[in-house]
Amino acid sequence: VLETLAYTYHSQNQVRVKVVRPFNMYGPYMGLTDGRVLSNWMRNYLKEERISIYGNGLQTRTFCYAADGISMMLGVLLDGTDGEGYKGGNSSPELNMVELATHFYSSLESPPQYEVQEYPNSYPCDEPTRRCPDIQKVIEATQIQPSIPLHIGIRKMYEYYKQ
């Protein structure tokens with residue numbers, strides 16, 4: 001709805017509008033209770049609890065370190081085209097949730113401790129099986145693309161929350 005209002009104001013009143021749709025951002029300063037997979041897992045890891053993978057674990061995602069995402073958003077603000085929408089995030093690596101769990105523990109130099117379980121009742125039943133943004137439009141407009149590899153971002157997130 002907000003995008004529609006923004007585009008309407010742009011077309012009717014020439015208000016400068018650029019829209020960024022962020023995909024799976026993670027990193028320090030984000031809440032450990034925000035419901036995002038890496039935040040949830042980090043919270044469990046710090047509590048020395050097993051992490052949970054919902055469904056069959058084959059749904060895929062890509063993840064963008066928050067600082068990279070912010071750089072992309074600022075780039076769109078400065079160099080994007082008014083009235084356009086952009087997908088902000090990372091297009092690789094695209095990992096399924098089991099692969100992500102293995103990567104998560106490897107990044108923390110710890111043996112994997114996860115369980116695959118049914119979706120909880122509180123979880124949306126229509127979760128997409130794939131979430132991978134095409135960020136080429138942002139790259140072309142801004143010359144900015146993600147630079148922090150997932151394993152380094154997870155490690156930075158851990159160092160922040162460990163304190």
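The values are calculated or read from the model by the stated rules, or taken from the named source; none is laboratory data. For clarity, every value in this text was computed on a predicted model and none was experimentally measured. Counting neighbours? That spans all protein chains shown, and the Cβs are built from the backbone with ideal geometry, glycine included. Remember, those area values only see protein heavy atoms, side chains included, never the ligands or the DNA or RNA. Shrake-Rupley method; radii C 1.70, N 1.55, O 1.52, S 1.80 Å.
What the table below lists for this structure:
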item	result
Subset of the stretch 72-92 [open to solvent by 50 Å² or more (accessible area, probe 1.4 Å) and assigned to a helix (DSSP H, G or I)]	MET73, LEU74, LEU77, LEU78, ASP79
Qualifying residues in the stretch 49-71 (those that are hydroxyl-bearing (Ser, Thr, Tyr) and within 30 Å of ASN121 (Cβ to Cβ)) - the one least open to solvent (accessible area, probe 1.4 Å)	THR62
Residue count, the stretch 40-75 (criterion: out of contact with any helix residue (DSSP H, G or I) (no Cβ under 7 Å at 6 or more places or on another chain), small (Gly, Ala, Ser) and under 30 Å from GLN143 (Cβ atoms))	4
Residue satisfying condition, being of a type in the set (Gly, Ala, Ser), over 23 Å from LEU100 (Cα atoms) and in contact with an Asp or Glu (Cβ under 8 Å, 6 or more places away or on another chain), within set GLY55, GLY80, GLY75, GLY85	GLY85
Tally, over the stretch 106-119, of residues that are in a strand (DSSP E or B) and farther than 26 Å from GLY69 by Cβ	3
Filter result (touching a Pro at 6+ places or on another chain (Cβ under 9 Å) and of a type outside the set (Lys, Arg)) within the stretch 68-92	ASP68, GLY69, SER71, MET72, MET73, GLY88, GLY89, ASN90, SER91, SER92
Leading residue by the ranking (most open to solvent (accessible area, probe 1.4 Å)) among those in the stretch 120-137 that are under 23 Å from MET73 (Cα atoms) and part of a loop (DSSP other than H, G, I, E, B)	ASP134
